[in-house]
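A.B. asks: Following this message is one structure expressed as structure tokens.
The values are calculated or read from the model by the stated rules, or taken from the named source; none is laboratory data. What you see is a predicted model; the values in this text were computed from it and never measured. Virtual Cβ from ideal backbone geometry, glycine too; neighbours counted across all protein chains shown. Please note that ligands, DNA and RNA were not included when accessible areas were found on the heavy atoms of the full protein model with its side chains. Shrake-Rupley method; radii C 1.70, N 1.55, O 1.52, S 1.80 Å.
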Amino acid sequence: MITVIYDGQCDFCKSCVAWAKNRAQLNAIPNQQLVLSEYGLTQEQVEKSVVVISDKTYFGAEAVAQVLNVTGNSILSKLMNILGPLSEIGYKYIAAHSDGFLVKSIHWFIKRNLRRK
């Protein structure tokens, strides 16, 4: 089982985690409730990006790829890993534009998909 550390104050992040939890067993912890010393992470790391702890620790787009993999989206996960830096640019764009049209549209699709489950 993987552990996902995410921004518990971000509605987009919360919806993404809920979507993932509907599809896979994972331990999800909002970074605001995290005891950093238990995970060997810094405050800056958990505030800067999503974190996944499994066989090793992943940040940002690599962390998202890990979540996609455990939720059965292995092709998209592999594509994100292959694209590497481009995936990270996309991750940073979404993180920086959570109030923008594109992210709100993605968020709407995720929430709609949650209701169907």
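A.B. asks: Counting only the heavy atoms of the protein chains, how much of Tyr6 is accessible to a 1.4 Å probe, in Å² to the nearest 10?
C.D. replies: Roll a 1.4 Å probe over it and Tyr6 shows about 30 Å².
A.B. asks: Charges at C-beta only: +1 for Lys and Arg, -1 for Asp and Glu. How large is the resulting dipole of region 8-117 about its Cα centre, in Debye rounded to 20?
C.D. replies: Dipole of region 8-117, to the nearest 20 debye: 680 debye.
A.B. asks: While we're looking at this one, here's another question. Under the rule of at least 5 residues apart or a separate chain, name every residue whose amide H is placed under 5 Å from the amide H of Gly8.
C.D. replies: Asn31, Gln32
A.B. asks: Determine the percent antiparallel among the DSSP beta bridges restricted to the chain, to the nearest 5. Numbers along the way, then the final one.
C.D. replies: Working: 6 of 11 bridges.
Antiparallel bridges make up about 55 percent of those DSSP assigns within the chain.
A.B. asks: For region 51-91, what class follows from the C-alpha gyration tensor (a ≥ b ≥ c being the square roots of its eigenvalues): rounded when a/c is under 1.5, otherwise prolate if a/b is larger than b/c, else oblate?
C.D. replies: On the way: a/c = 2.03, a/b = 1.13, b/c = 1.79.
In terms of gyration-tensor shape, oblate.
A.B. asks: Holding the Cα-Cα limit at 18 Å, pick out from Lys78/Lys104; Lys48/Lys78; Lys21/Lys111; Lys14/Lys56; Lys78/Lys111 the pairs that are longer than that.
C.D. replies: Over 18 Å apart, Cα to Cα: Lys78/Lys104; Lys48/Lys78; Lys14/Lys56; Lys78/Lys111.
A.B. asks: Extending each Cα 7 Å along its Cβ direction at Val103 and Leu86, get the distance between those two points in nm, one decimal.
C.D. replies: 2.2 nm
A.B. asks: Further, regarding this structure: Would you kindly enumerate the cysteines in the chain that have no other Cys beta-carbon under 4.7 Å from their beta-carbon?
C.D. replies: By the Cβ distance rule, which asks for a partner under 4.7 Å, the isolated cysteines are Cys16.
A.B. asks: Express in Å², to the nearest 10, the accessible area of Asp7 obtained by rolling a 1.4 Å probe over the protein heavy atoms while all chains stay in place.
C.D. replies: 60 Å²
A.B. asks: May I ask you to evaluate 6.51 cos²θ - 1.76 cosθ + 1.60, the Karplus curve with θ = phi - 60°, for each residue of region 21-31 and list the ³J(HN,Hα) values in order in whole Hz, giving x for glycine and proline?
C.D. replies: Values per residue, Gly and Pro as x: 5, 6, 10, 7, 7, 8, 9, 10, 10, x, 5 Hz.
A.B. asks: Further, regarding this structure: Is the C-alpha gyration tensor of region 74-117 telling us rounded, prolate or oblate? Criteria: a/c under 1.5 is rounded; beyond that, a/b larger than b/c is prolate, otherwise oblate.
C.D. replies: Numbers: a/c = 4.03, a/b = 1.29, b/c = 3.13.
Here region 74-117 falls in the oblate category.
A.B. asks: Determine the calculated [θ] at 222 nm for the chain from helices alone, applying -39500 (n - 2.57) to every DSSP H run no shorter than 4 residues and normalising by the residue count; nearest 500 deg cm²/dmol.
C.D. replies: Numbers: 7 runs with 70 residues, N = 117.
So the helix-based figure for the chain works out to -17500 deg cm²/dmol.
A.B. asks: If you don't mind, there's one more thing I want to ask. Taking 8 Å as the Cα distance limit and 6 or more residues as the minimum spacing, I'd like the relative contact order of the chain as a percentage. All intermediate terms of the calculation are to be shown ahead of the outcome.
C.D. replies: Numbers: 131 pairs, mean separation 30.3, N = 117.
This gives 26 percent for the chain.
A.B. asks: Probe radius 1.4 Å, ligands and nucleic acids left out: which of Glu47, Glu88, Glu62 has the largest accessible area, and how do the rest follow?
C.D. replies: The most accessible residue leads, giving Glu47, Glu62, Glu88.
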